[in-house]
Ligand code: CAA
C-alpha cells in the first residue's frame, strides 16, 4: 500500500475575480501546522500569478479563524531543529512574495490567536465578525510571537496597546480590535463573507496595475524611512503614467463614462 496522502488542510474556491482560501482543520481550531503553511503559501502564490484572480480572501472554517501555530508540532523541537527548519519563515512570502501584488483580505470569523492573529496582520485588509477575537498569548507557552507579531502589532495599533496585549497575553475582543484600528470593519457573522466579497469585487473593478502599485507603496510605508518612502511613492505614481489604465481612468472621468481597465 502507498503512503497515506494527508488530507488537504485548506480549501480554495474561485468565484469570478475572487479566490476564497479557507483554513480547514476545524477540529484543531485551524492550528497553523507546517502543512497548512506550505499549502496556504503555495496556493496564494499560485493564485497571485493568475491574472484572472484580483483579490484573495482568507478565512477559517468552523468557529475559529486560527488558534495559532500548531503547538503539538512545535512542542518537541530544540533550538537547532527550529533553526534548521527555518520554522515559520515561509509565512513572510504572503507579504513580500507576491509578484502580482494581489490584495489579501483577512475575513476573521472567530478566534485569531498567536499565528492566527499574525496571519491576519500579514494581509492588506482585515475585517472581522463580531464573533472574532485576537491575542498574542505566546508568552504563556514560554515563547514569543514568531510570525511577525512583535513587529506588526505595535506598528498597527501603537506600542502601548501592543505591549499591553503581548505582555498580558489577554484576549482582544472584536470591538476592541475595531477601536484599536486593528480591523477596519466589524460585521455580524453571517455578513462576514459577503462583506469581504464586496471589498474584493470593488477592488477587482479597479485597474490591477494601480491596485498593485498601491500595495507596493503601502509596503514601502511599512519598511522605509519617510523620505525614502515618499520618493518610492512618487516613483510608483509616475509609473502609472506609463499605463493604458491611467489614460483610460482619467479619460473616462472626463468623458463622463465608466472606465474599462485592462485585465492584467
Ligand atoms: N495548536 C495545536 N492544537 C490546537 C491549538 C494549537 N495552537 N489550539 C487548539 N488546538 C486543539 C486542541 O489541542 C484541541 O485538540 P484535541 O481535541 O485533540 O484536544 C482542539 O484544538 C480544540 O481546542 P480546545 O479543546 O482547547 O478548545 P477550547 O474551545 O476549549 O479552547 C482556545 C480554545 C482557548 C483557543 C484553546 O484551544 C487555546 O488556548 N489554544 C492555543 C492558543 C495559543 O496559545 N496560540 C498560540 C500558539 S503559539 C504561536 O502561534 C507561535 C507563533 O507566534 C507562530
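Every number here is computed from the coordinates shown, using simple stated rules; none is lab data. The structure displayed is predicted, hence computed values, not measured ones. Because the Cβ atoms are built from the backbone with ideal geometry, glycine has one as well, and the counts that use them run over all protein chains shown.
The stretch 105-178 to the stretch 34-92: how many Å between their Cα centroids?
Cα centroid to Cα centroid, the span is 16 Å.
Defining a contact as two alpha carbons under 8 Å apart and six or more residues distant in sequence, what relative contact order in percent does the stretch 132-230 show?
23
Tell me, what is the percent relative contact order of the stretch 1-90, built from C-alpha pairs under 8 Å that lie six or more residues apart?
Once normalised by length, the contact order is 32 percent.
Nearest 500 deg cm²/dmol is fine: what mean residue ellipticity at 222 nm does the chain get from its DSSP H runs of n ≥ 4 alone, each adding -39,500 (n - 2.57), divided by its residue count?
Taking each H run of at least 4 residues, the total per residue is -13000 deg cm²/dmol.
Most exposed first by the Cβ proxy, i.e. fewest other Cβ within 10 Å, how do 206, 134 rank?
By the 10 Å Cβ count, ascending: 206, 134.
Relative contact order for the stretch 49-147 using alpha-carbon pairs under 8 Å, separation at least 6, rounded to a whole percent? Kindly include the intermediate steps, with their values, before the conclusion.
On the way: 147 pairs, mean separation 33.7, N = 99.
Relative contact order of the stretch 49-147: 34 percent.
Rg (Å, one decimal) plus Dmax (Å, integer) for the alpha carbons of the chain?
So, for the chain, Rg and Dmax equal 19.3, 67 Å respectively.
Quick check: from the Cα gyration tensor, does the stretch 1-157 come out rounded (a/c under 1.5), prolate or oblate?
Here the stretch 1-157 falls in the rounded category.
Once you sort the root eigenvalues of the Cα gyration tensor of the stretch 176-255 as a ≥ b ≥ c, which label holds: rounded (a/c under 1.5), prolate (a/b larger than b/c) or oblate (the other case)?
It comes out oblate by the Cα gyration axes.
How would the stretch 75-201 be classified by its alpha-carbon gyration tensor: rounded, prolate or oblate, with rounded meaning a/c under 1.5 and the a/b versus b/c comparison settling the rest?
oblate
Could you state the per residue volume, in Å³, of the convex hull enclosing the Cα atoms of the stretch 208-264?
So the per-residue Cα hull volume is 76 Å³.
What is the helix-to-structure angle for 159-168, meaning the angle in degrees between its Cα long axis and the longest Cα principal axis of the chain, kept from 0 to 90 and rounded to the nearest 10?
30
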